[in-house]
Amino acid sequence: MLQVTSADAQNRFGQLLEMAQREPVAITRHGRTAGYVIGPADMEILLAARGRQALVKQDLDAYFRSLDAVRVPGAPVLTEEDIAREIKAVRAQRRRAQSEGA
């Protein structure tokens with residue numbers, strides 16, 4: 001990725017735009033990245049990826065809603081803490097079994 005200072009970007013804006021057509025350009029200020037300039041093709045790729053991400057999120061939300069619909073009434077709801085506790089218990093049981101078998 002190309003990199004230019006913010007001062008160079010201001011002074012050579014036309015060249016900056018041309019560079020961005022070939023590959024993304026990082027703009028730095030005081031040695032840190034302050035922003036990026038990208039060409040239209042790269043922007044289209046990013047926007048398409050964002051759109052796909054939104055569709056995946058919608059699909060996941062629909063999937064979890066469908067799981068809620070088939071939940072048995074009165075069944076306990078597991079919290080994150082419950083799940084973590086169960087995982088720790090299973091791991092401890094496996095360690096005990098391995099040490100007894102060793």
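Read the figures in this text as sums done on the coordinates, not as results from a lab. Worth saying up front: this structure is predicted, and the values here are computed from it rather than measured. For neighbour counting, all protein chains shown are included, and Cβ atoms are generated from backbone atoms with ideal geometry for every residue, glycine included.
Summary table below
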quantity: Computed label-point distance, nm, for sites Ser66 and Glu80 using a 7 Å Cα→Cβ extension; calculated: 2.6 nm
quantity: Cα centroid separation - the range 52-85 against the range 18-47, whole Å; calculated: 38 Å
quantity: Debye, to nearest 20: dipole size of the chain, +1 on Lys, Arg Cβ, -1 on Asp, Glu Cβ; calculated: 380 debye
quantity: Considering only the chain, percent of DSSP beta bridges that pair antiparallel, nearest 5; calculated: 55 percent
quantity: Gaussian network model of the chain, springs between alpha carbon atoms under 10 Å - residue of Leu46, Leu55, Leu78 with greatest fluctuation; calculated: Leu78
quantity: Trypsin sites (Lys or Arg not before Pro) lying in DSSP loop within the range 71-102, provided at most 12 other Cβ fall within 10 Å; calculated: Arg71
quantity: Listed candidates [x] 7.9; [y] 13.8; [z] 6.1 - label of the one calculated as mean projected area of the Cα convex hull in nm²; calculated: [y]
